[in-house]
Amino acid sequence: MLLIDAGNSRIKWALAEGAAWLRQGALDSADATSLRQQFAALPVPDRILVSNVAGAAVAGQIRAACAEWGQPVEFIAAQAQQCGVRNAYDRPAQLGCDRWAALIAAWRQRHAACLVVHCGTATTVDALSASGEFLGGLILPGIMLMQQSLLVATAGLAATDGVWREFPRNTADAMASGAIAATCGAIRQQYGLLGTPDASCLLSGGAADLIQPHLELPLVRVDNLVLRGLQIIGSGSDK
């Protein structure tokens, strides 16, 4: 089974057989045309499951990369209920397919109340109840996007790399620290609203390393949650 997670910045994939991942790869979403080369040496998968939030052009490149196999490419969408998770979104199908797959993976791993946090181009903070209900979640700009928005909208700021400081004394550090503090504040607030003191926080994404040192929460670092969720969906398990 070929699993593909097409995000705004990166495309990740894994070839799975049973519970094992035989091959893995990743590339920038802007280089989606290179998927054909990455897939060239793979055996024909019996199923192809995709989570795509990168738009129609990337979806077309994924289809093209898989075309020689003659297998249907299945683009997942959020459901009202699937693999033990119930979706409380006002319109369940409008929940991002990547968030849905990550919630399914989180529920399979924890079977308990938790926050599912992905720190990428955007940061998402999604809450799962102790009974497997997706209660709702936040979407906020990712760490880099917050800083880029300041550069675009504010005169006189230069694009320089900043680092975390408790009390920043230059503009670059002030911007970097502000983005980290805002993100951590949102995560802490949602954790408190979850109302379960022993709940865990599952943290993933490319910017997770920037956030993790500043969260005094019961953290579990889990990479590739979306791919793991796709694998569970593909297995057809409802537990």
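Quick note: the coordinates plus some simple rules give every number you see, no bench work behind them. Note that the structure is predicted; figures quoted are calculated from it, not measured.
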- Task: Would you pull out the residues with amide H under 5 Å of ARG86's amide H, same chain only if 5 or more places away, H placed 1.01 Å from N?
- Result: GLU133, PHE134
- Rg ratio (alpha-carbon, reference 2.2 N^0.38 Å) - segment 57-187: 1.35
- Task: Assuming 1.567 mPa s and 4 °C, estimate D for segment 2-75 with Stokes-Einstein, Rh taken as the Kirkwood radius over Cα pairs, in µm²/s.
- Result: 107 µm²/s
- Query: Hey, what's the per residue convex hull volume over the C-alpha atoms of segment 8-133, in cubic angstrom?
  - Reply: 116 Å³
- segment 112-222: Rg/Rh from Cα coordinates, Kirkwood Rh? 1.02
- Sort out for me the Cα centre separation of segment 187-239 from segment 77-94, rounded to whole Å. 18 Å
- Which percent of Cα pairs goes in each bin when the distances of the chain are cut into 5 angstrom slices starting at zero? 1, 6, 14, 17, 17, 15, 12, 9, 5, 2, 1, 0
- Under a 5 Å amide H to amide H cut-off, with H placed in plane at 1.01 Å, what residues pair with SER200 once short-range neighbours are removed? LEU115
- Item | Residue-averaged [θ]222 nm for the chain, counting only DSSP H segments that reach four residues, each worth -39500 (n - 2.57) | -10000 deg cm²/dmol
- Query: Running Debye on segment 160-212 with equal point scatterers at the Cα sites and no solvent, what base-10 log of I(q)/I(0) appears at q = 0.16, 0.19, 0.22, 0.25 Å⁻¹?
  - Reply: -0.56, -0.71, -0.85, -0.97
